[in-house]
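Undergrad: First, the structure itself, so that you have it in front of you.
The values are calculated or read from the model by the stated rules, or taken from the named source; none is laboratory data. Because the structure is a prediction, the values reported are computed rather than measured. Counting neighbours? That spans all protein chains shown, and the Cβs are built from the backbone with ideal geometry, glycine included. The area values use the complete protein model at the heavy-atom level, side chains included, leaving out ligands, DNA and RNA. Shrake-Rupley method; radii C 1.70, N 1.55, O 1.52, S 1.80 Å.
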Number of protein chains: 2
Amino acid sequence: MSDEQRQRQRLDISRHAVRLFAAQGVAGTSGEQIAQAAGVSERTFWRYFPHKESCVEPLLTKMVDAFCTVLHAWPPELELIDHLREAYTPVLDSSSDEDVDAVLSVVRLTHHEPALRAAYLMLRERAEDALADVLGPRLDLPADAIEVRVQAAAMSAVLRVATDDVAQASAEGVTKETLEGHREQMASAVSQVLRGLSQKR
Amino acid sequence: MSDEQRQRQRLDISRHAVRLFAAQGVAGTSGEQIAQAAGVSERTFWRYFPHKESCVEPLLTKMVDAFCTVLHAWPPELELIDHLREAYTPVLDSSSDEDVDAVLSVVRLTHHEPALRAAYLMLRERAEDALADVLGPRLDLPADAIEVRVQAAAMSAVLRVATDDVAQASAEGVTKETLEGHREQMASAVSQVLRGLSQKR
DNA sequence: ACATTTAGTGGCAGAGAGTGCCAACAATCG
DNA sequence: CGATTGTTGGCACTCTCTGCCACTAAATGT
């Protein structure tokens, strides 16, 4: 089976799992239930996901990847805040509303479900490497230099806070304003720490 | 049983667990083994620790608490970097060498043991609140203001990178220089992001 | 067209994680 | 001393997750 097919399958199961998690909690949802909802055997389910909580991974990864794509397209001459304002909206528009809802609901879930929070934090830490790949060249340093890793970590952390904030704000349905608020939240949070960065250059 | 006694018991079990984790890996260490090593029944062990990975919590918490104590004693007139240089060394000296070793070995372990990494990240996120309590007054803002949370998150993230770095560096035994390097690593990392902070004031 | 390899799937059994329940035991208090 | 309260350990049980194998289907060779 192709890698791409496998990813699609995982994403599909992920959507079912998240819906069940939101409805009954993580502890109240068994692997068997998720498998049944997704239409695969329990054995196959456990092959796709090593732990129950990692069911949220595909959906969240999709969000993180989208952001990383925008980030990679950041032209050198532009301020990051301006680039985000310009390039981030179309990305959000292009993904399906259901998935945006699902992602935000997962982020909200993580505040009451420690296991999901842990999975979320692990995922974000993996995303730091991608961030370092972008920031490294900007600082004329290798991506694994300590200064780069520090900047990437700081930026990732403020993005997490901004994301938590907007997820909380969008508890009652997602509006266009909420998402624009998200973009601005991120932009301003980033600019807050990037003062250190611009001085460093 | 007093709360303090319970904490001591947890810490004791924690030390045994960490030793076993380092020797055989997390997956290779059963709850029964830890319980036996610590001299309690398996049932009691599971009462003290809801998950196997949370065994690392007491030791790590001790480290985080020590840092938070130093942070709370940060006088308003001093730069943070100077305060750390001045007040952090005695704290490290006062804790037992075994525990310092154990903590560093846990941090190193987290790089190969995802479950421990997740526990570690969760712990650090809890510590962000303590950080916000210190930073809030400095910015003349409530501790739950978004700007404060952003700063706390950024600072916590850079401290994590610095800690990972020193843990890696101290793989072959801990020297006095390693620890001083740690303090300087932290100080410089913090000052790197705090430029944003000082401009904000 | 047919045999063979290859890869994914599901079922089953089992180890280990973690919980509920109860009996035993110790400490505390009247 | 008896009653109460809180901690412990043992037992049985559920659920998570894995190893193993048989089954199916697609791809490949001849």
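Undergrad: State which residue is farthest from DNA strand D (Cβ to nearest atom) when the search covers only the range A:1-26 and only residues that are among the polar types (S, T, N, Q) and within 20 Å of residue A:114 (Cα to Cα).
TA: Taking the range A:1-26 and keeping what is among the polar types (S, T, N, Q), we get A:2, A:5, A:7, A:9, A:14, A:24.
Okay, now just the ones that are also within 20 Å of residue A:114 (Cα to Cα), so A:14, A:24.
Numbers: A:14: 14, A:24: 11 Å.
Checked the range A:1-26; the qualifying residue farthest from DNA strand D (Cβ to nearest atom) is A:14.
Undergrad: A further question follows. Scan the range A:184-200 and tell me whether some residue there is outside the structural domain of residue A:12 (by TED's automatic domain parsing), touching a Pro at 6+ places or on another chain (Cβ under 9 Å), in a helix (DSSP H, G or I) and among the aliphatic types (A, V, I, L, M).
TA: Checked the range A:184-200: no residue is outside the structural domain of residue A:12 (by TED's automatic domain parsing), touching a Pro at 6+ places or on another chain (Cβ under 9 Å), in a helix (DSSP H, G or I) and among the aliphatic types (A, V, I, L, M).
Undergrad: To continue, here is another question. So for the range B:24-39 (the condition being in the same structural domain as residue B:130 (by TED's automatic domain parsing), out of contact with any strand residue (DSSP E or B) (no Cβ under 6 Å at 6 or more places or on another chain), surrounded by fewer than 15 Cβ atoms within 10 Å (Cβ to Cβ) and in a loop (DSSP other than H, G, I, E, B)), does at least one residue qualify? Give the derivation first.
TA: First, the residues of the range B:24-39 that are in the same structural domain as residue B:130 (by TED's automatic domain parsing): none.
Within the range B:24-39, none of the residues are in the same structural domain as residue B:130 (by TED's automatic domain parsing), out of contact with any strand residue (DSSP E or B) (no Cβ under 6 Å at 6 or more places or on another chain), surrounded by fewer than 15 Cβ atoms within 10 Å (Cβ to Cβ) and in a loop (DSSP other than H, G, I, E, B).
Undergrad: Determine whether residue B:105 is under 19 Å from the mean Cα position of the chain (by Cα) and over 18 Å from residue B:174 (Cα atoms).
TA: On the way: under 19 Å from the mean Cα position of the chain (by Cα): yes; over 18 Å from residue B:174 (Cα atoms): no.
Here the answer is no, as residue B:105 does not meet what is asked.
Undergrad: I'm trying to understand the selection: among the residues of the range B:125-154, which are under 20 Å from the mean Cα position of the chain (by Cα), more than 8 Å from chain A (Cβ to nearest Cβ) and open to solvent by less than 30 Å² (accessible area, probe 1.4 Å)?
TA: Here is the first cut: in the range B:125-154, the ones under 20 Å from the mean Cα position of the chain (by Cα) are B:125-135, B:149-154.
Next cut, more than 8 Å from chain A (Cβ to nearest Cβ) only: B:126-135, B:152.
Correct list: B:127, B:128, B:130, B:131, B:132, B:134, B:135, B:152.
Undergrad: Out of the range B:160-175, which residues are more than 9 Å from chain A (Cβ to nearest Cβ), outside any loop (DSSP other than H, G, I, E, B) and in contact (Cβ under 8 Å) with a residue 40 or more places away in the chain?
TA: Going residue by residue through the range B:160-175, those that are more than 9 Å from chain A (Cβ to nearest Cβ) are B:163, B:166-175.
Now narrow it down to the ones that are outside any loop (DSSP other than H, G, I, E, B): B:163, B:166-169.
Those that are more than 9 Å from chain A (Cβ to nearest Cβ), outside any loop (DSSP other than H, G, I, E, B) and in contact (Cβ under 8 Å) with a residue 40 or more places away in the chain: B:163, B:166, B:167, B:168.
Undergrad: For residue A:106, indicate whether it is farther than 23 Å from residue A:86 by Cα, of a type in the set (Val, Ile, Thr) and more than 14 Å from chain B (Cβ to nearest Cβ). Spell out how you get there, then give the answer.
TA: On the way: farther than 23 Å from residue A:86 by Cα: yes; of a type in the set (Val, Ile, Thr): yes; more than 14 Å from chain B (Cβ to nearest Cβ): yes.
It is true that residue A:106 is farther than 23 Å from residue A:86 by Cα, of a type in the set (Val, Ile, Thr) and more than 14 Å from chain B (Cβ to nearest Cβ).
Undergrad: If you take just the helices (runs of 4 or more DSSP H) that sit entirely in the range A:42-121, which of them hold at least 1 residues that are assigned by TED's automatic domain parsing to the domain that holds residue A:159 and open to solvent by 30 Å² or more (accessible area, probe 1.4 Å)? Give the steps one after another, and end with the answer.
TA: Values: elements: A:42-48, A:57-72, A:80-94, A:97-109.
Helices (runs of 4 or more DSSP H) meeting the threshold: A:57-72, A:80-94, A:97-109.
Undergrad: Out of the residues in the range A:167-185 meeting the condition of being among the hydrophobic types (A, V, I, L, M, F, W, C) and open to solvent by 10 Å² or more (accessible area, probe 1.4 Å), tell me which one is nearest to the chain's Cα centre (by Cα). Write out each step before concluding.
TA: Within the range A:167-185, the subset among the hydrophobic types (A, V, I, L, M, F, W, C) is A:167, A:169, A:171, A:174, A:179.
This time we only want the ones that are open to solvent by 10 Å² or more (accessible area, probe 1.4 Å), so: A:169, A:171, A:174, A:179.
Values: A:169: 17, A:171: 17, A:174: 17, A:179: 14 Å.
So, considering only residues that are among the hydrophobic types (A, V, I, L, M, F, W, C) and open to solvent by 10 Å² or more (accessible area, probe 1.4 Å), the one nearest to the chain's Cα centre (by Cα) is A:179.
Undergrad: For the range B:27-67, how many residues meet the condition of being within 14 Å of another protein chain (Cβ to nearest Cβ) and within 11 Å of DNA strand D (Cβ to nearest atom)?
TA: Of the residues in that region, 2 qualify.
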